[in-house]
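The values are calculated or read from the model by the stated rules, or taken from the named source; none is laboratory data. Model, not experiment: these values are computed from the prediction. Virtual Cβ from ideal backbone geometry, glycine too; neighbours counted across all protein chains shown.
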Amino acid sequence: MSKNSEKPKILSDVRRSGSPSIFRKISDPLGRPNIVLKEVPPKVRAFVIAAMTLMVFLAFSGFKFSTLAPTALSQSSEEERKNLESELDKLETEIDAYEKSIMGLQLERKTLDQALKLLNAQISKINLQIKATNIQLQKLDTKIVSLQKNIVYTGNDIDRIKILLASSLRQIYSDDEQSIVEMMLKNEKLSDLFNNINALTVVQDEVRKSLDQLIESKTNLIVQKDTISLERQDVLNLKSIQSKQKAELDSKVKEKNDLVKATKGQESKYQDLLTKTKQTAAQIRSRIFTLLGGGELTFGEAYKLAQFAEDQTGVRAALILAVMSRESNFGQNVGRCNWKTAMHPTRDQQKFLDMMAELGIDPESVNVSCANKDGAYGGAMGPAQFIPSTWVMYKDRIAKVTGNNPPSPWRNIDAFAATALYLKDMGAANQSYASERKAAAMYYAGSRWRSYLYSYGQWVVEKAQKFQEDIKYLND
């Protein structure tokens, strides 16, 4: 092992051997008599320059390690965001007004006039939903631009700090390799030695703090990248929702035109048409119900499971069915990937393996939802589409409801109970329209539910209303 490798590599214990004394006397540059100055030690000079440069950089860049990079939103963008939110609030109020009108019309006696009013109200409401979705997309686009700029700013600051610290450390190690013993022998005053050592130690601590802050900044950068990945996925989801909304609008317009054409404004013809198109209870029971996470049941079988979950939680069976139907998933990545590539490595993977061991299931034998194309982790399991960390939070409550201990995400009754429990926690048990809509949006998007309130959330509640009509026929 070389002499250098044996020496402790700390900033206060290095100096180039064979160089002149770092505390040699030098003449006064102003020519004053009886003035003796000491040369500033090279390593102290290097430290001070590095520290001052770092402080100046931080002061003038406005860089803060403890928070995300400064927002990239300009004043005009901020005003645009506020205007969009104001417009969205107005649209949401109008949507709610149409919804109340629709609910009132649905309770009235089925007449041709009432049916046309209902279709007109539904068409108007869908148009407003499409506008609301467009506003959500604009807001997301603005936020994504801001996040992208923040990522660039944070990355640039990280690069600058890394270069600055690396340069300072190289200068420190190259300027001085002399041991502490050699420095003591060459210093004229012991106090000078300790003063310089103290100065070096202070700067060393500051450099270490900067390194810690650099690590924190990198962590914040990762958070920003994860956030922008989720925002991009929200854009894709909302565009898919928008396409479905437009298709639904076209369907309603066609339904209205067909109704007008078929009845020619005559009430008697409408009543005949209504009788012919009404499904029987037997037809409803035998209809295939496709689960969100894969698998099929008859509607009658699915309703029994949902009714059991309603009895245990107070969440409407119709809402549970709407959430769990495959149509309520607007993504294209359900149940197609392996846990190793799809799941979050620290949050979910070990919990998944523990769960599989408890259930006696080979982890390689099941598929989970895939990560999205931007890298946001998937890993949702079974009909309820819970990720492992969420399932673990609910598994004891699920077992208490179903009696299955341990419960399985791929067992239908456990999955229905899990969905009902989650919706209950999100406020759906009071069965109001607004609370169910919010709970559905939170089930789908978690903390980002606000973006889906009048798209996915609205769609699920409307789907639930249709299921409620089917359930009514089954119970008559």
Here the residues within region 239-286 that are within 30 Å of Ala415 (Cα to Cα) and touching a residue at least 60 places away in the same chain (Cβ under 8 Å) are Lys239, Ser240, Ile241, Gln242, Lys244, Gln245, Glu248, Gln279, Thr280, Ala281, Ile284, Arg285
Counting residues that are at pLDDT below 90, which helices (runs of 4 or more DSSP H) fully inside region 380-460 reach at least 2? 433-445
Which listed residue is modelled with pLDDT under 85 and acidic (Asp, Glu), from Glu296, Glu231, Glu310: Glu231
Ala440, sole failed condition from (1) within 22 Å of the chain's Cα centre (by Cα); (2) farther than 29 Å from Lys100 by Cα; (3) touching a residue at least 12 places away in the same chain (Cβ under 8 Å): (2)
Looking only at residues in region 313-338 that are at pLDDT below 95 and of a type in the set (D, E, K, R), which one is farthest from Ala418 (Cα to Cα)? Arg336
Tell me whether region 437-447 contains one or more residues that are farther than 18 Å from Gly293 by Cα, in the same structural domain as Pro363 (by TED's automatic domain parsing), among the polar types (S, T, N, Q) and out of contact with any Lys or Arg (no Cβ under 7 Å at 6 or more places or on another chain). yes
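Please work out if Ile320 is more than 32 Å from the chain's Cα centre (by Cα) and under 23 Å from Leu474 (Cα atoms).
Taking the combined requirement at face value, the residue does not satisfy it.
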Considering residues that are outside any helix (DSSP H, G or I) and more than 32 Å from the chain's Cα centre (by Cα), the number found within region 298-314 is 1
Under 7 Å between Cβ atoms, at least 6 apart or on separate chains: pull out the pairs that start in region 403-430 with a residue that is charged (D, E, K, R) and end on any residue that is part of a helix (DSSP H, G or I). Asp414/Ile398; Asp414/Thr402; Lys424/Thr313
Residue set Asn430, Asn367; condition in contact with a Cys (Cβ under 7 Å, 6 or more places away or on another chain) and either in the same structural domain as Glu301 (by TED's automatic domain parsing) or aromatic (Phe, Trp, Tyr) (or both); output residue Asn367
Read through the list (1) free of Cβ contacts under 8 Å to residues at least 12 places away in the same chain; (2) under 18 Å from the mean Cα position of the chain (by Cα), then give the number of the only condition that Met393 fails. (2)
Take the residues in region 333-356 that are assigned to a helix (DSSP H, G or I) and among the basic types (Lys, Arg); name whichever of them is farthest from Ile387 (Cα to Cα). Lys340
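Give me the residue from region 95-109 that is part of a helix (DSSP H, G or I) and exposed (fewer than 15 other Cβ atoms within 10 Å of the Cβ) and, out of that set, farthest from the chain's Cα centre (by Cα).
Looking only at region 95-109, we keep the residues that are part of a helix (DSSP H, G or I), and these are 95-107.
Right, trim to exposed (fewer than 15 other Cβ atoms within 10 Å of the Cβ) and you get 97, 100, 103-104, 106-107.
Values: Ala97: 31, Lys100: 32, Met103: 34, Gly104: 37, Gln106: 37, Leu107: 40 Å.
This residue is Leu107.
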Please enumerate the residues belonging to region 377-430 that are polar (S, T, N, Q) and in contact with a His (Cβ under 9 Å, 6 or more places away or on another chain). Ser389
Among (1) touching a helix residue (DSSP H, G or I) at 6+ places or on another chain (Cβ under 7 Å); (2) touching a residue at least 40 places away in the same chain (Cβ under 8 Å), there is one condition Ile387 misses while meeting the rest; what is its number? (1)
Go through (1) touching a Pro at 6+ places or on another chain (Cβ under 9 Å); (2) at pLDDT 80 or above for Gln171 and report which single condition fails. (2)
